[in-house]
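Okay, structure first, notes after.
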Amino acid sequence: MNAKERFLKSRLPEVLPLLPLRDIVVFPGMVVPLFVGRGKSIAAVNHAVDNGKIIMLAVQKNPADESPEKSGLHEVGCVGEVMQLSELPDGTMKIMVEGLARATIYSYKSETPLFLVNARILSKITDPADPEIDALVKSNRLLFDKYVKAVGHLAPEVPSQIAEIKDPADIVNFIMRHVAAGAQERQNILAEPSVKRQLEGVYMTIEKEIEIIQIENRVKGRVKRQMGQSQREYYLNEQMKAIQKELGRGDQRSEMDELREKIKKAGMPPEVEAKAEKEVNKLEQMAPLSAEGTVVRNYLEWLTDVPWKAHSVEKLDTKLAQKVLDEDHFGLEKVKDRILDYLAVRKLSKTGRGPILCLVGAPGVGKTSLGKSIARAMGRKFVRVSLGGVRDEAEIRGHRRTYIGALPGRIIQSMKKAGTINPVLMLDEVDKMTADFRGDPSAALLEVLDPEQNKAFSDHYLEVDYDLSEVMFITTANTLHSIPAPLLDRMEVLRMSGYTEDEKIGIAQGFLIPKQMEEHGLQKDQLVFSRKALSFIIRGYTRESGVRSIERLIAKVCRRTARNVVEGVKFSPSVGDTVLKKMLGPVKFREEGAKAHGEFGFANGLAWTENGGEMMQIEVSVVPGKGRLILTGKLGEVMRESAQAALTYIRSRARLFSLPTKFYSRTDIHIHAPEGAIPKDGPSAGITMASAMVSAFCKTPVRHDVAMTGEITLRGKVLPIGGLKEKALAALRFGVKTVVIPKDNVGDLEEIPKNLLKEIKFVPVDSMDAVLDAVMSKSVFKGGSKVRVLKKKHSGPQLDSIGGIT
């Protein structure tokens, strides 16, 4: 400790005011001007001036912190003296402070209204006999001299001043007063107790700063040369323009003026307009036929063609919208109500954001056409983007302009096609996207479909923020399981269930037949479809949830009728079964398909696929073997586990079924789901497989007029399933009028049309024992039925509530 430090220690106040510094590290001997504006800092300076002018200077760990706490300050700092103070008109201060000695804070006395701390002077840890310190001092002097020459703005007498300093610690302080190092590097050197390590840190800092200066000089030289080349090219281009004008080959300035006029009319945000102007200025200096000029020209065309302020005038009349939606689509009440709700909100609040809807349903139920109707009802433009098979992120965000043939992504292309900033944008088949080495397009859609982010959507090609907040996004999908969870979370899911036969007939009469007759040039009196004829087509030739196949068949009948009209063949305009068979060929599906089985080990299950509800028949054969469970029919992992759970349930109830205790050890059980090429999975076939296995073991057929769906547990409990409406429609298509469902799904019956509830009897069950009582042709339990049936009288759906083991 030198004499100055000993003197300072003797007169150091017990409590010091503390001034937090943002990114300035003060070393002993350093005189630095500081601007003080924060309340605590001003109070600390005033306290120091009133109490001996001594103040503690400590650096903040986070320079951006406006109100640092004691945990946000470094413990080691510098004790300084306020040499000069000037109060500024805006209430802030300018002070001149001299660093006196390194010090460490060991306690805080107060944090409000200013920091008051206890601090002590830090002693230097050094070994005068260490030869390495002398070597480091010499190396630092030489390197500092090199730094002074490289930086160029330090006073010429600085190198001679350092030669006069003998104390290694003072050399560290002197060098750090002049070297422009980072705040963290300076703090690390200040806080280091060992003088030797301080010298090592200083040496590395100087070396790093010299390297940075050398790099900066090289860059400056290169830029200067490039600027000279650019000025030469500009001069030559100006001469070329003058020559071309004299030769009468046109003037490029007219194109630039035209681009500037388009930019002004586009209504771009200020930052986008500034970028466009910058690109025009760059284009002016390029050769007219240069490759880079073509890239910039294409970019400016995209930037001016994309809508920035053009709006469609919205129709906010809910009654008119209801009329339009009803004209275009039959049913779909939930979706229509959601659109009308949105229009009502928009009418009351003009700032309402566009909803992001996800229409989920089987193919052919009208998802895509519904998007067009929504746009027509709202008076907006409609644009559709097909995402099926898209696997490149650039399809959504676009390619960067550095690539040859780069284009914006499909979102920006669609906005250009719409011509307004508030269209209805349909992202079709969002569940069919895949990811590969080029990126994940579904991840890129996260920004598009997030209301908090899409107001500043970034396309790689445009390189400017684009506002998508006024767009109404509608996505479509057949299933939800293939949509990533973060993307699904951003959408409001609206399920579009399959249609009943009556709904299909209504759609055919109101929409499909008029459309096809108009397309084929037929008059109303030339072709007449009765309800009976339409029912015959639906039952005999289609197995679908939607109406696409029905429309194709109606189109086929229209083509044959048009041919008869052209050839002058006499025919009856009213088509019947015989005429339809002649035009459409033999009947493909018969209602007896689900009733033709009454043998052991066979049961009718119901499945829910992306194409709607389907009948899934389960076959079980029991053959001599070693107790193996064989599963075929391309069954998924969940369905395989359901089969194992069903077998365990049967083994646990073997005595009730009058089966030997080890009946399974001498037999192999083979479970097969026909149509083996089609993948099948899910837990809802659990009770179907269990019923088929019990039927095979007990030699008792399952009722052929019953279908069932439900998940089974090891204890025989029946758990709820999804897609009840679609499954009920599938049962009706196959002529099954009794459906066994989990008791917890009774609430879902409210969504099923009333006419369907009249045709199908639903049997809610809560246990596998109840299922067997409901579906077996005779009791399989030892001593008769094990459950009781409670008949309930009400005006709702047909229900036989089965439960309660007796």
Handout entry: Derived scalar couplings ³J(HN,Hα) [the stretch 16-30; Karplus, 6.51 cos²θ - 1.76 cosθ + 1.60; whole Hz; x for Gly, Pro]
Key = 10, x, 10, 10, x, 10, 6, 9, 10, 9, 8, 9, x, x, 8
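Counting Lys +1, Arg +1, Asp -1, Glu -1, what net charge surrounds Q516 among other residues with beta carbon under 13 Å of its beta carbon? Walk me through the numbers before you get to the answer.
On the way: positive: K515, K524, R548, R552, K556, R559, R560; negative: E518, E519, E551.
Computed value for this residue: +4.
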Fill in the blank from the handout: Here, T92 and K372, labelled 7 Å along Cα→Cβ, have an inter-label distance in nm of 6.4
Exercise for the section: Using only Cα atoms, tell me the angle between helix 367-378 and the longest principal axis of the chain; keep it within 0 to 90° and round to the nearest 10. Expected result: 70
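Could you state the per residue volume, in Å³, of the convex hull enclosing the Cα atoms of the stretch 398-476?
Details: hull volume 7.7 nm³, N = 79.
Cα-based convex hull of the stretch 398-476, divided per residue, equals 98 Å³.
With both bridge residues required to lie in the chain, what share of the DSSP beta bridges run antiparallel, to the nearest 5%?
Details: 56 of 98 bridges.
Close to 55 percent.
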Practice task
Mind listing the long-range amide H neighbours of V740? Cut-off is under 5 Å, sequence gap 5 or more, other chains count too, H placed in the peptide plane at 1.01 Å from N.
Solution key: A707, M708, T709, V763
Problem - Surface/4 estimate of mean projected area, convex hull on alpha-carbon atoms of the chain, nm² - result: 60.5
Problem - the stretch 75-181: C-alpha gyration tensor shape, a/c 1.5 cut-off, then a/b vs b/c - result: oblate
Completion exercise
Tilt, helix 531-541 to longest principal axis of the chain (alpha-carbon atoms), in degrees rounded to tens, equals 70
Handout entry: Between 0 and 90°, nearest 10: helix 333-348 axis offset from the chain longest Cα axis
Key = 40
Fill in the blank from the handout: In nanometres, the difference between 0.36 nm per residue of separation and the alpha-carbon distance of E463 and H153 is 107.6 nm
Fill in the blank from the handout: So the FRET efficiency between N298 and I213, C-beta based with R0 = 56 Å and rounded to 0.05, is 0.85
Handout entry: Euclidean distance of C-alpha centroids, the stretch 681-740 and the stretch 18-92, integer Å
Key = 79
Exercise for the section: Note down the net charge around A696, summing +1 for each Lys or Arg and -1 for each Asp or Glu among other residues with Cβ under 13 Å from its Cβ. Expected result: -2
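Let me know the shape class of the stretch 327-484, please: from the alpha-carbon gyration tensor, a ≥ b ≥ c as square roots of the eigenvalues, rounded when a/c is under 1.5, otherwise prolate if a/b is greater than b/c, or oblate. Please list the in-between numbers first.
Working: a/c = 2.05, a/b = 1.38, b/c = 1.49.
Note, shape of the stretch 327-484 comes out oblate.
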Practice task
For the stretch 745-756, just list the computed ³J(HN,Hα) in residue order, Karplus coefficients 6.51, -1.76 and 1.60, θ = phi - 60°, integers in Hz, with x standing in for Gly and Pro.
Solution key: 9, 4, x, 6, 5, 5, 7, 8, x, 4, 5, 6
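Let me check something: with ligands and nucleic acids excluded, how do E637, E518, E200, E98 order by accessible area (1.4 Å probe), largest to smallest? Mind showing how you got there, number by number?
Numbers: E637 120, E518 150, E200 75, E98 40 Å².
Descending order: E518, E637, E200, E98.
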Problem - Those residues of the stretch 181-207 whose amide nitrogen sits under 14 Å from the label point placed on D23, 7 Å along Cα→Cβ - result: 181-187
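Largest first, what is the accessible-area ranking of K556, K532 with a 1.4 Å probe? Walk me through the numbers on the way to the answer.
On the way: K556 65, K532 150 Å².
Sorted by accessible area, descending: K532, K556.
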Fill in the blank from the handout: Rounded to one decimal in nm, the spacing of the 7 Å Cα→Cβ label points at K455 and S530 is 6.2
Practice task
May I ask which residue of L449, G388, S369 lies farthest towards the positive end of the charge dipole of the stretch 369-456, with charges of +1 (Lys, Arg) and -1 (Asp, Glu) on Cβ and the Cα centre as origin?
Solution key: S369
Exercise for the section: Within the stretch 148-215, list the trypsin sites (Lys or Arg not before Pro) lying in a DSSP loop whose Cβ has at most 10 other Cβ atoms in a 10 Å radius. Expected result: K166
Practice task
With no solvent and one equal point scatterer per Cα, compute the Debye intensity ratio I(q)/I(0) for the stretch 540-663 at 0.09, 0.15, 0.18, 0.20 Å⁻¹ and report its log10, rounded to two decimals.
Solution key: -0.50, -0.89, -1.11, -1.25
Problem - Added length on full extension, which subtracts the Cα-Cα distance from 0.36 nm per residue, K70 to H481 - result: 142.8 nm
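Would you mind classifying the stretch 575-724 by shape? Square roots of the alpha carbon gyration tensor eigenvalues, ordered a ≥ b ≥ c; an a/c under 1.5 is rounded, otherwise it is prolate if a/b is larger than b/c and oblate if not. Write out the running numbers ahead of the final one.
Details: a/c = 2.26, a/b = 1.85, b/c = 1.22.
Note, shape of the stretch 575-724 comes out prolate.
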Handout entry: Estimated distance in nm for a label pair at D170 and K515, the labels positioned 7 Å out from Cα along Cα-to-Cβ
Key = 9.5
Exercise for the section: Using θ = phi - 60° and the Karplus relation 6.51 cos²θ - 1.76 cosθ + 1.60, list the HN-Hα couplings for the stretch 119-124 in order, rounded to whole Hz, with x at every Gly or Pro. Expected result: 9, 9, 5, 8, 7, 7
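Quote to one decimal, in nm, the extra length available between A135 and V565 on full extension: 0.36 nm per residue of separation minus the C-alpha distance between them.
143.7 nm
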Practice task
Using just the helices of the chain, give the 222 nm mean residue ellipticity in deg cm²/dmol: DSSP H runs with n ≥ 4 each add -39,500 (n - 2.57), and the total is spread over all residues, rounded to 500.
Solution key: -13000 deg cm²/dmol
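What FRET efficiency do you get for S574 and R715 if R0 is 60 Å and r is their Cβ-Cβ distance, rounded to the nearest 0.05? Mind showing how you got there, number by number?
On the way: r = 59 Å, r/R0 = 0.98.
Efficiency at R0 = 60 Å is approximately 0.55.
R0 = 30 Å: FRET efficiency of S110 with Q84, Cβ-based, nearest 0.05? Display every interim value, and only then the final one.
Details: r = 26 Å, r/R0 = 0.87.
Step by step, r from the Cβ atoms, then E = 0.70.
The values are calculated or read from the model by the stated rules, or taken from the named source; none is laboratory data. On a predicted model such as this, the values are computed, not experimentally measured, just so you know. Don't worry about glycine lacking a Cβ; one is built from the backbone with ideal geometry, like all the others, and counts go over all protein chains shown. Note: areas computed on protein heavy atoms with side chains; ligands, DNA, RNA excluded. Shrake-Rupley method; radii C 1.70, N 1.55, O 1.52, S 1.80 Å.
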